[in-house]
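Values quoted throughout were computed directly from the atomic coordinates according to the rules given, and no laboratory measurement underlies them. Note that the structure is predicted; figures quoted are calculated from it, not measured. As a convention, Cβ positions derive from the backbone with ideal geometry for all residues, glycine included, and neighbour counts pool all protein chains shown.
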Amino acid sequence: MSNMPLPFSKAEIESIICSAPTPFHIYDERAILANARRLKAAFAWNEGFREYFAVKATPNPYIMKLLAAEGFGADCSSGPELTLAEQVGVVGEGIMFTSNDTPAAEYERAKALGAIMNLDDISHIDYVDGLVGLPELICYRYNPGALKEGNAIIGHPEDAKYGFTREQLIEGYRIARDRGVKRFGIHTMVASNELNGEYFVETAQLLFELIVEISNELGIRFEFANLGGGIGIPYRPDETAVDLEWVSAGIKERYDSIIKAGNLDPLKLYLECGRMVTGPYGYLVSTVRHLKHTYKDYVGLDACMTNLMRPGMYGAYHHITVLGKENAPCDHVYDVTGSLCENNDKFAVARELPEMVPGDIVVIHDAGAHGHAMGFNYNGKLRSAELLLRENGEAVQIRREETETDLFATLDFDALADFEIASPIALD
Ligand SMILES: *Cc1c(COP(=O)(O)O)cnc(C)c1O
């Protein structure tokens, strides 16, 4: 199995563990920044290009603040995500509010913050209008249905709950125009963790053609096209990252032949990627607790599925490095498990790894997005800490680990004493 590089040595992690016990997530600032700058550079040809970081991927305000300093906006879909954006100073049109099945209170918050409202359904036009009035800038999410193939995680667009149909979209812009809305955007997102760059070029083409059609039919001008997120990352050592420069060049070609040729430029391009922004640059660090040999060989870690649920939930591959054994032969086959009372609590099944012993430090790769964020408390598990490896090599805590007090904060144990059982059953 080929090695995947790490931004820290075994000795550095051992010294971090002295003050921050495993398990924890650690993010690599230098790599996050380099990648963010590369994304911006790839699309620099488009004036007004902006990435709205999908907050759900890594909802940590320290990470968000780093990205905000690079000019990234925030793609939010809930009240707490709006709070995080506000806390890092991302407000107004720096926020893309792409929600669905949205409660009134969240539309009110989004409006108060001046966020771009990206509506998920035609019925929400009247809903928002009745609630807070239509904003000056409106965006709708398009679901191309059978027009576009989906992929494994997001499924087929026609089965996806998101977005307007084509007919609804045109009707929706007509309604907004007739009610005095002056500024328009359009959005679609039909892939998740997609490694085929052509997919994003095709998506742009589909949106560009639609923009021409709607602009001509309704006489409105689009300010931006939001191509969504969904750019995949190479979780497996034999996979290749999406070539951003190639994708951007392909999109530019369609921009020139469709948007420019149709006299519809300038049109700002937006992305709302999460996974590719932080995913490869976050690691779950854990220690081997027990080895178990029954019908199979098991390595039991001090992390479990509540720290990273992708392998258990999707059967997703996450590469595993055993620190200090990078060059040892992978001549053992292990299931790498956590301590949850669920048999899918496995980080790897039948993985070829070097021989392991209790105390080995294990690094689980590509845990920077949809990792800590998807954490949960099932089985009384406490969420782990998050650390940031700064550019100067220092590791700082950006979220402490949960305690039992945090876990039980919503329970009132004092009231429990006064809680009377109406007719207690006597146990002989
Ligand atoms: C999840 C999501 C994203 C981010 O997706 P990634 O795969 O992390 O890039 C962006 N936009 C919307 C609407 C989403 O639901």
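Quick notes on this one:
- The C-alpha atoms of the chain define a longest principal axis, and helix 166-178 lies at about 60 degrees to it.
- FRET E, pair residue 332, residue 240, Förster distance 25 Å, beta-carbon r, rounded to 0.05: 0.35
- Chain lengthening between residue 38 and residue 216 when straightened (0.36 nm per residue, less Cα-Cα): 60.6 nm
- Where chymotrypsin sites (Phe, Trp or Tyr not before Pro) fall in DSSP loop in the stretch 312-378, at most 14 other Cβ within 10 Å: 376
- For residue 341 and residue 91, the difference between the fully extended length at 0.36 nm per residue and the C-alpha to C-alpha distance is 85.8 nm.
- For the stretch 67-72, putting each phi into the Karplus relation 6.51 cos²θ - 1.76 cosθ + 1.60 with θ = phi - 60° gives couplings of 6, 4, 5, 8, x, 6 Hz, in residue order, rounded to whole numbers and with x for Gly and Pro.
- Estimated distance in nm for a label pair at residue 3 and residue 69, the labels positioned 7 Å out from Cα along Cα-to-Cβ: 3.1
- Between 0 and 90 degrees, the angle of helix 104-113 with respect to the longest Cα principal axis of the chain falls at about 70 degrees.
- The magnitude of the dipole of the stretch 29-279, with charges of +1 and -1 set on the Cβ of Lys/Arg and Asp/Glu and taken from the Cα centre, is near 620 debye.
- Computed about the Cα centre, the dipole magnitude for the stretch 292-352 is approximately 80 debye when only Lys and Arg (+1) and Asp and Glu (-1) carry charge, each at its Cβ.
- Within the stretch 280-403, the proportion of C-alpha pairs whose separation exceeds 25 Å stands at 21%.
- Euclidean distance of C-alpha centroids, the stretch 179-225 and the stretch 64-143, integer Å: 18
- The residue among 327, 372, 341 whose Cα reaches farthest toward the positive pole of the charge dipole of the stretch 280-403, with charges on the beta-carbon of Lys, Arg, Asp and Glu, is 341.
- Cβ-Cβ FRET estimate between residue 374 and residue 17, R0 fixed at 25 Å, reported to 0.05: 0.55
- Calculated FRET value between residue 179 and residue 209, using beta carbons and R₀ = 30 Å, to 0.05: 0.70
- The chain has equivalent-ellipsoid semi-axes of 41, 28, 20 Å, by the square roots of 5 times the alpha carbon gyration tensor eigenvalues, sorted largest first.
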